[in-house]
Amino acid sequence: MAEPSKVIHVRNVGHEISENDLLQLFQTFGVITKLVMLRTKNQALLQMEDIPSAISALQFYANAQPSIRGRNVYVQFSSHKELTTMDQSQGRDDEPNRILLVTVHQMQYPITVDVLQQVFSPHGYVEKIVTFQKSAGFQALIQYESRQSAVTARSSLQGRNIYDGCCQLDIQFSNLDELQVNYNNDRSRDYTNPNLPTEQKGRPSHSGYGDTGMHGVQGSGARPGGFSQMTNAAAIEAAFGGDLPPGITGTNDRCTVLVANLNPDRIDEDKLFNLFSIYGNIVRIKLLRNKPDHALVQMGDGFQAELAVYFLKGAMLFGKRLEVNFSKHPNIIQGADTHEYMNSNLNRFNRNAAKNYRYCCSPTKIIHLSTLPQDIIEEEIASLLEEHGLVVNCKVFEMNGKKQALVQFETEEEATEALVCKHASPLSGSIVRISFSQLQNI
């Protein structure tokens with residue numbers, strides 16, 4: 001069987017089979033984000049929201065032959081990991097549709113279903129909204145009652161900003177016929193069925209931001225002073241030359257980050273330190289005992305906290321999609337249930353801060369290992385990391401007389417787990433340091 005993918009390949013799709021037929025076959029297993037009909041090949045490619053949804057579907061149909069209109073269809077994981085715009089172009093070719101696929105660029109503030117409904121409802125009755133985090137960024141599917149409303153909304157809103165200077169809308173027509181919404185919460189909403197469950201009761205919606213609300217947030221990015229007020233202004237200037245990464249304002253002064261949807265069986269304070277220390281120095285960390293899947297992380301300053309929120313929002317770790325937002329708490333009060341890291345020599349930004357800022361990015365499939373033993377070989381590195389996922393490629397090299405390595409995993413989640421579990425671990429007398437690489441391949 002092919003490696004699991006959120007893209008499902010369907011064969012023996014006769015001309016009598018419609019897109020809606022395929023959606024009905026799979027939508028009970030999760031949100032379907034894209035569908036491409038390959039009519040000339042009697043095939044289809046269908047993308048689920050995530051890999052577990054696709055696995056559930058294929059496990060079910062391994063024991064029950066799927067059939068549509070009396071015709072057996074055959075399903076397997078696709079070699080595609082994600083359907084690209086090029087793949088989609090085999091579908092409707094931007095034919096007007098009542099469902100819009102919206103990508104939000106330069107997202108400096110969290111976008112909820114309610115915000116999207118306020119933006120899109122002036123152009124017609126919005127029936128359903130589904131949001132998700134993709135490699136392309138934050139995306140949403142918005143279903144109108146009529147196709148004309150969707151056409152009007154796209155014409156009016158394409159390229160516009162939700163807030164001044166950020167959260168730019170990139171809008172395409174989806175090739176789906178109907179959205180399947182299972183829960184009414186801050187990530188999905190069916191306005192035609194208000195009685196749907198919320199999925200997880202008591203789940204916080206964008207903690208921290210919810211305290212201030214979205215009112216008047218447009219002007220908050222224009223606060224004078226900016227990042228030049230911060231203690232590490234010189235390092236930031238050296239790293240970026242005044243041109244901050246897209247989506248980073250440099251004006252945030254909140255140092256504490258709330259992390260939600262953690263896997264409480266796998267996470268601990270040191271693992272959180274290993275991940276968040278990529279974006280700045282860590283002062284202290286607290287796991288919330290009354291909410292085992294929540295933690296507070298206090299960063300060195302507001303700029304470092306903003307980097308962490310921006311680059312880690314929606315990252316996958318231990319089978320969970322992280323929710324990372326600014327906390328309403330300005331700092332974490334030291335106590336018996338906090339772990340202190342202020343004086344840790346593993347904080348990355350005490351030395352070479354400018355270089356570390358330049359290397360900040362979202363989790364990638366490739367990790368960079370440094371401070372390795374001089375006699376290290378690739379098999380040793382693969383052996384150290386293979387418990388966390390499939391090592392696709394591994395390359396040891398020398399830089400300034402010191403051994404380093406690049407390791408490529410099949411997914412970002414596997415690479416993230418390897419970094420979280422193995423950064424700062426001992427190897428033949430050396431302490432291995434791990435960060436994400438921005439290379440596309442090795």
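A compact table of results
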{"quantity": "Within segment 144-174, considering residues that are open to solvent by 10 Å² or more (accessible area, probe 1.4 Å) and under 9 Å from Asn97 (Cα atoms), the one nearest to the chain's Cα centre (by Cα)", "calculated": "Phe173"}
{"quantity": "Residue in segment 414-428 that is part of a strand (DSSP E or B) and at pLDDT below 90 present", "calculated": "yes"}
{"quantity": "Pick from segment 390-413, criterion touching a Lys or Arg at 6+ places or on another chain (Cβ under 9 Å) and part of a strand (DSSP E or B), ranking: surrounded by the most Cβ atoms within 10 Å (Cβ to Cβ)", "calculated": "Val407"}
{"quantity": "Residue within segment 144-155 that is among the charged types (D, E, K, R) and assigned to a strand (DSSP E or B) present", "calculated": "no"}
{"quantity": "Count of segment 1-45 residues which are open to solvent by 20 Å² or more (accessible area, probe 1.4 Å), more than 17 Å from Ile68 (Cβ to Cβ), of a type outside the set (Val, Ile, Thr) and not in a strand (DSSP E or B)", "calculated": "5"}
{"quantity": "Those strands (runs of 3 or more DSSP E) lying entirely in segment 274-388 with at least 1 residues among the hydrophobic types (A, V, I, L, M, F, W, C)", "calculated": "282-287, 295-299, 323-326, 366-370"}
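The values are calculated or read from the model by the stated rules, or taken from the named source; none is laboratory data. Note that the structure is a prediction, hence the values are computed from the model and not measured. We place every Cβ from the backbone using ideal geometry, glycine too, and count neighbours over all the protein chains shown. Remember, those area values only see protein heavy atoms, side chains included, never the ligands or the DNA or RNA. Shrake-Rupley method; radii C 1.70, N 1.55, O 1.52, S 1.80 Å.
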